[in-house]
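Heads up: the structure comes next, in structure tokens.
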Amino acid sequence: MLEGMSAMNTSLPPHRRRFQFSLRSLLLLLTLCAVLPCWKFNRVWNQRMVVAEIQRRCPLATIEYDYQDRRLGTPPSPPGPAWARSVLGDDFFTNVTELTIAQPGLDDALLRQIAKLSGVKTLDTNSNQVTDAGLAHVASMRNLETFSFVSENVTDAGLAHLQSLKRIKHLSFTGP
């Protein structure tokens, strides 16, 4: 009789647990769920700080965001649900894409801050306080397509920094 029982037990399919995860997998998933939003919040916080610094030092600067289109007659509202924009802010859903700064407040230190804005495609500056060191910061802006600047303190060595701009379509320089 014992022989018959052992034969019956071997014919049953093994019991499997569904959705079985190891503790390591669960911790990895939890870490990813925490790190990705923090990365986004850090990018938004950096953009807010840079825009605030631009507005503080150059009050007449023009800052355009990716949802804006100057050809439209009425200004569009930023993307994203209104309740989320009221909680997180408009710049959680947008990127700065265009900057026009033609004031003495623009210098190499401010250009270092502007270079942190990864979405800037157009940068138009006019300041004699920008030097070769400022152009080295501009060279790190990988998405820059249009760069116009006026400065009497830029040399050929500073212009050499701009060779690393791979997406540049229009470059305009007025100087000595």
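The distance from the alpha carbon centre of the range 116-155 to that of the range 91-110 is 10 Å, rounded to a whole number. What does the net charge come to around Glu53 if you take all other residues with beta carbon closer than 12 Å to its beta carbon, with K and R at +1 and D and E at -1? Local charge sum for Glu53: +4. The C-alpha atoms of the range 50-159 occupy a region whose extents along the principal axes are 49, 27, 25 Å, arranged from largest to smallest. Based on alpha carbons, the Rg and Dmax found for the range 105-176 are 10.7, 30 Å. Calculated FRET efficiency, Leu60 to Glu145, Cβ-Cβ distance, R0 = 30 Å: about 0.80 to the nearest 0.05. Note on Lys166 and Leu28: the extension gain reaches 46.1 nm, defined as 0.36 nm multiplied by sequence separation minus the Cα-Cα distance.
Cβ under 14 Å from Leu32's Cβ, Leu32 left aside: what net charge do those residues give with Lys, Arg +1 and Asp, Glu -1? Could you put the intermediate results ahead of the total?
On the way: positive: Arg24, Lys40; negative: none.
Here the charged neighbours net out to +2.
Legend: calculated FRET efficiency, Asn128 to Val35, from the Cβ-Cβ distance at R0 = 45 Å, rounded to 0.05, equals 0.55.
All of the numbers you see were taken from the coordinates with simple rules; none came from a lab. Worth saying up front: this structure is predicted, and the values here are computed from it rather than measured. Because the Cβ atoms are built from the backbone with ideal geometry, glycine has one as well, and the counts that use them run over all protein chains shown.
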